[in-house]
Amino acid sequence: MKTSVTARHFDLTTQVHDHAISAMEGLEKYFDRIVDSHFVLVKENNRWRAEARIGVPGETLTAESEGDLLFTAIDDVTDKAERQLKKYKAKVSHERDRRSMQKLHSERPGIRRK
């Protein structure tokens with residue numbers, strides 16, 4: 001997975017960059033087909049905003065979080081992205097199961113669906 005981090009209105013330190021990258025890499029255990037991911041970290045009026053865009057097959061998942069501390073905003077947006085990935089994985093699995101059942105029923109015309 002290709003991961004990038006962008007900082008707006010502040011200088012990105014190695015510690016912040018590494019924390020964002022490791023948080024994003026941790027999401028791969030929930031869905032292993034992540035194409036790419038991008039973090040945007042913004043400092044606005046003494047508040048921090050973190051945005052995560054995660055590319056998965058067929059769509060892009062987006063999560064946002066805002067807080068007083070940068071690391072808290074990163075962790076919160078990662079938690080939101082994790083929930084979205086779990087939901088997306090369930091949706092993809094359900095579609096795959098539905099298609100396989102349709103294929104099974106078309107191969108065996110004597111079986112009725114309820």
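The values are calculated or read from the model by the stated rules, or taken from the named source; none is laboratory data. Here the structure is a predicted model, which means the values were calculated and not measured. All Cβ positions, glycine included, derive from the backbone under ideal geometry; neighbour counts span all protein chains shown.
Scanning the stretch 39-67 for residues that are β-branched (V, I, T), farther than 27 Å from S93 by Cβ and surrounded by fewer than 16 Cβ atoms within 10 Å (Cβ to Cβ) gives no hits. Does S4 fit the bill of being surrounded by 13 or more Cβ atoms within 10 Å (Cβ to Cβ), under 19 Å from the mean Cα position of the chain (by Cα) and of a type in the set (S, T, N, Q)? So S4 fits the description; yes. If you go through the stretch 56-90 and keep only what is modelled with pLDDT of 90 or more, more than 30 Å from N45 (Cα to Cα) and of a type outside the set (D, E), you end up with V56, P57, L85, K86, K87, Y88, K89, A90. Residue check: I111 meets all listed conditions (1) modelled with pLDDT under 95; (2) assigned to a helix (DSSP H, G or I); (3) surrounded by fewer than 17 Cβ atoms within 10 Å (Cβ to Cβ) but one, namely (2). Only residues that are surrounded by fewer than 19 Cβ atoms within 10 Å (Cβ to Cβ), closer than 16 Å to K86 by Cβ and not small (G, A, S): list them for the stretch 20-30, please. Passing the criteria: E28, K29, Y30.
Listed conditions (1) modelled with pLDDT under 70; (2) exposed (fewer than 10 other Cβ atoms within 10 Å of the Cβ) are all met by L104, apart from (2). If you go through the stretch 54-85 and keep only what is basic (K, R) and free of Cβ contacts under 8 Å to residues at least 12 places away in the same chain, you end up with just R83.
Return yes when D18 is assigned to a helix (DSSP H, G or I), charged (D, E, K, R) and over 27 Å from K91 (Cβ atoms) and no when it is not. Yes: the conditions hold for D18.
In the stretch 21-72, the residue that is farthest from R8 (Cα to Cα) out of those that are part of a helix (DSSP H, G or I) and of a type in the set (G, A, S) is G26.
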